[in-house]
Amino acid sequence: MNKNDLARFSRQLLMQDIGYEGMEKLMNSKVAIVGCGALGSTQAEILARAGIKKIKVIDRDYVDLSNLHRTHMITEKDAIDTLPKAIACKKWIKEIDSSIEVESVIDDFDSTNAEKFLNNVDLIIDGTDNLESRFLINDFSVKYNIPWIYAGVSSWYGNVMFIKPNQGACLRCLIPETNNQNESCDIIPSIGTMTTLVSSISSNLAIRYLAGNEVPYGVLFVIDGRDISLEKIKITKNEKCPTCGLHQYEFLEKKISRNVVRICGTHAIEIRPEKFLNIDFIKKINKIKEKFNVISINKYSIRVQRDTIQIVLMNNGLGIVEGINDVNIAKKLYDELFNIII
């Protein structure tokens with residue numbers, strides 16, 4: 001630990017259960033945060049300020065004006081520029097501490113890449129908004145014995161649980177059915193205070209664990225933001241749990257084909273290229289303007305419009321066509337833009 005670190009973390013070094021030894025452990029830890037929206041961005045900010053020196057953020061989405069009321073480390077300009085969330089998180093983490101190694105991944109998180117993205121980390125933190133991704137993290141956690149923290153928000157309520165694989169209850173012990181009736185394509189109501197509360201509790205567990213302290217595992221923290229109350233519920237490990245009891249990893253082994261998919265809860269369609277590229281939008285800007293109205297452009301993404309339909313194309317080739325439900329029309333517009341650029 002150098003002189004700058006001693007000054008930066010001087011108050012934290014005085015903390016019981018952290019001190020110099022715990023601080024060294026924090027600085028040598030690597031964390032993966034799946035999702036860099038309201039929860040993930042707040043968790044990333046807290047952990048960056050706490051001294052975690054290696055952070056990986058995974059998110060396929062881009063910053064939108066509707067994110068600003070609850071998402072940390074993003075600005076109105078990021079939304080106007082259609083900046084990918086993973087890039088925005090990386091940018092602002094580096095503003096907090098330029099020595100942090102930040103790996104930003106702009107991609108969907110699914111069974112085709114989970115093992116690659118989550119490999120070689122000390123802890124996984126849930127910044128997602130759907131059960132499918134959480135069950136996938138849970139499969140990986142149990143299979144490879146890497147702990148993770150489940151975190152979720154809906155309206156004024158939130159849940160957090162530290163999952164220590166093969167010792168305490170896993171997520172499937174808590175939610176055994178995959179076809180949960182609460183999962184839908186409705187947009188989940190949320191407020192910034194709740195995402196911050198849930199992120200603070202989940203990040204607090206992360207900091208204590210990474211600093212070498214015992215943390216309660218298999219305990220569900222239930223946060224009520226209306227009454228400002230916190231309840232702790234012990235979740236019993238289920239010996240017949242399909243994941244941690246029977247070691248069946250159905251989400252890791254799930255076969256998927258997602259070249260073109262409708263994005264749940266939106267009038268938008270995601271289109272994935274055959275292979276990821278590294279596109280230079282600036283070189284083709286004049287040709288693009290001949291066919292589309294360019295709304296915003298940067299090294300990571302371009303947003304264009306034709307009539308009422310907008311297309312956001314990432315520099316890896318991942319595209320999102322907004323304002324349409326017709327897959328064929330969306331694919332046609334994407335192909336037209338993609339062929340101009342490549």
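Can you tell me which residue within region 262-291, out of those that are of a type in the set (Lys, Arg) and either assigned to a strand (DSSP E or B) or within 20 Å of the chain's Cα centre (by Cα) (or both), is modelled with the highest pLDDT? Even if it seems obvious, please write down each step before you answer.
Our first condition is that a residue be of a type in the set (Lys, Arg); within region 262-291, this holds for 262, 272, 275, 283-284, 287, 289, 291.
If we keep only those that are either assigned to a strand (DSSP E or B) or within 20 Å of the chain's Cα centre (by Cα) (or both) too, we end up with 262, 272.
Details: ARG262: 82, ARG272: 89.
In this case the residue turns out to be ARG272.
Within region 1-16, the set of residues being in a loop (DSSP other than H, G, I, E, B) and either surrounded by 12 or more Cβ atoms within 10 Å (Cβ to Cβ) or of a type in the set (Phe, Trp, Tyr) (or both) comprises MET1, PHE9, MET15. Of the residues ALA7, ALA44, the single one that is in contact with a helix residue (DSSP H, G or I) (Cβ under 7 Å, 6 or more places away or on another chain) and either modelled with pLDDT under 95 or among the small types (Gly, Ala, Ser) (or both) is ALA44.
Okay, residues lined up against (1) farther than 17 Å from TYR150 by Cβ; (2) of a type outside the set (Gly, Ala, Ser); (3) assigned to a loop (DSSP other than H, G, I, E, B):
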{"residue": "ILE188", "(1), (2), (3)": "no, yes, yes"}
{"residue": "VAL198", "(1), (2), (3)": "no, yes, no"}
{"residue": "SER202", "(1), (2), (3)": "no, no, no"}
{"residue": "ILE207", "(1), (2), (3)": "no, yes, no"}
{"residue": "ASN213", "(1), (2), (3)": "yes, yes, yes"}
{"residue": "TYR217", "(1), (2), (3)": "no, yes, yes"}
{"residue": "VAL222", "(1), (2), (3)": "no, yes, no"}
{"residue": "ARG226", "(1), (2), (3)": "yes, yes, yes"}
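When you scan region 35-51, do you find a residue that is charged (D, E, K, R) and in contact with a Phe, Trp or Tyr (Cβ under 9 Å, 6 or more places away or on another chain), even just one? Spell out the reasoning first.
Taking region 35-51 first, the residues charged (D, E, K, R) are 45, 49.
Among the residues that remain, those that are also in contact with a Phe, Trp or Tyr (Cβ under 9 Å, 6 or more places away or on another chain) are: 45.
Yes, the conditions are met somewhere in region 35-51.
VAL327 meets all of the listed conditions (1) surrounded by fewer than 15 Cβ atoms within 10 Å (Cβ to Cβ); (2) of a type in the set (Val, Ile, Thr); (3) under 30 Å from LEU174 (Cβ atoms) but one, namely (3).
Only one residue in ARG134, ARG208, ARG226, ARG172 is of a type in the set (Lys, Arg) and under 24 Å from ASP107 (Cα atoms). Which one?
On the way: ARG208 fails: under 24 Å from ASP107 (Cα atoms); ARG226 fails: under 24 Å from ASP107 (Cα atoms); ARG172 fails: under 24 Å from ASP107 (Cα atoms).
That would be ARG134, the only listed residue that is of a type in the set (Lys, Arg) and under 24 Å from ASP107 (Cα atoms).
Counting only strands (runs of 3 or more DSSP E) that sit completely within region 46-150, those holding 3 or more residues that are farther than 23 Å from ILE302 by Cβ and either small (Gly, Ala, Ser) or under 12 Å from the mean Cα position of the chain (by Cα) (or both) correspond to 123-126.
The values are calculated or read from the model by the stated rules, or taken from the named source; none is laboratory data. This structure is a prediction, so every number in the text was calculated from the model and none was measured. Cβ: placed from backbone, ideal geometry, glycine included. Neighbour counts: every protein chain shown.
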